[in-house]
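Before any comments, here is the structure.
The values are calculated or read from the model by the stated rules, or taken from the named source; none is laboratory data. Fair warning: this is a prediction, and the values are worked out from it, not measured in the lab. Here the Cβ positions follow ideal geometry from the backbone for every residue, glycine too, while neighbour counts run over all protein chains shown.
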C-alpha cells in the first residue's frame, strides 16, 4: 500500500494549499506550514500530526494504522504517546490512557483537549464519573469548554 517513496515535489503537489515552507524530514514524510501558521507533518498523503497555533496537537492516521504512522506520532509527541494493545490503538497521556480515534488531540502538556474528552464521552469511551478522576486542571478546562460551547 505504501511501498512508493514519494519525492518532495510529489508531496508538495498533493497539499491542499501552497505551503509557507516545506521540507522532507524522513521517508515519504514532509514537514510543512499552512497559511494559518500550523506546523504539519505529512506522511505519504496524510497529515498525521498537526501542531495548531493554539498549542494543541492533532493526530490523524487517515485510516492507516501502521507501525510507521504510529512512529511519526510518537516522534512528535513530548508528553504523550500512541501504543497498541491487542490490535487496538490507545493514546497514553499524563491523565491516563484513552482509545485512539482520528482527530484526537492533546495540549502542550500532553493532556487530552476538551474536544477530545467530549468525543470520548459522546462515544461512551469514558463517562462523566471517570472525568472526575482526571487532574483538576483538565476538569476545569473541560467545564469551561462546555460552558463556552453552550453560549455559541
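Out of all the residues in the stretch 114-135, is one or more within 30 Å of residue 25 (Cα to Cα), touching a residue at least 60 places away in the same chain (Cβ under 8 Å), in a helix (DSSP H, G or I) and in contact with a strand residue (DSSP E or B) (Cβ under 8 Å, 6 or more places away or on another chain)?
So the first thing to find is which residues in the stretch 114-135 are within 30 Å of residue 25 (Cα to Cα), and the list is 115-116.
Filter once more, so that each one left must be touching a residue at least 60 places away in the same chain (Cβ under 8 Å): none.
Checked the stretch 114-135: no residue is within 30 Å of residue 25 (Cα to Cα), touching a residue at least 60 places away in the same chain (Cβ under 8 Å), in a helix (DSSP H, G or I) and in contact with a strand residue (DSSP E or B) (Cβ under 8 Å, 6 or more places away or on another chain).
Which of (1) modelled with pLDDT of 90 or more; (2) buried (at least 18 other Cβ atoms within 10 Å of the Cβ); (3) part of a helix (DSSP H, G or I) does residue 11 not meet, given it meets every other one?
(1)
For the stretch 86-106, which residues satisfy the criterion of being surrounded by 14 or more Cβ atoms within 10 Å (Cβ to Cβ) and out of contact with any strand residue (DSSP E or B) (no Cβ under 8 Å at 6 or more places or on another chain)?
Selection gives 96, 101.
Can you name every residue in the stretch 76-85 that is out of contact with any strand residue (DSSP E or B) (no Cβ under 8 Å at 6 or more places or on another chain) and at pLDDT 95 or above? Can you show your working first?
Taking the stretch 76-85 first, the residues out of contact with any strand residue (DSSP E or B) (no Cβ under 8 Å at 6 or more places or on another chain) are 78, 85.
85, the sole residue that qualifies.
Would you check which residues across the stretch 59-84 are farther than 20 Å from residue 23 by Cα and assigned to a strand (DSSP E or B) and list them?
80, 81, 82, 83, 84
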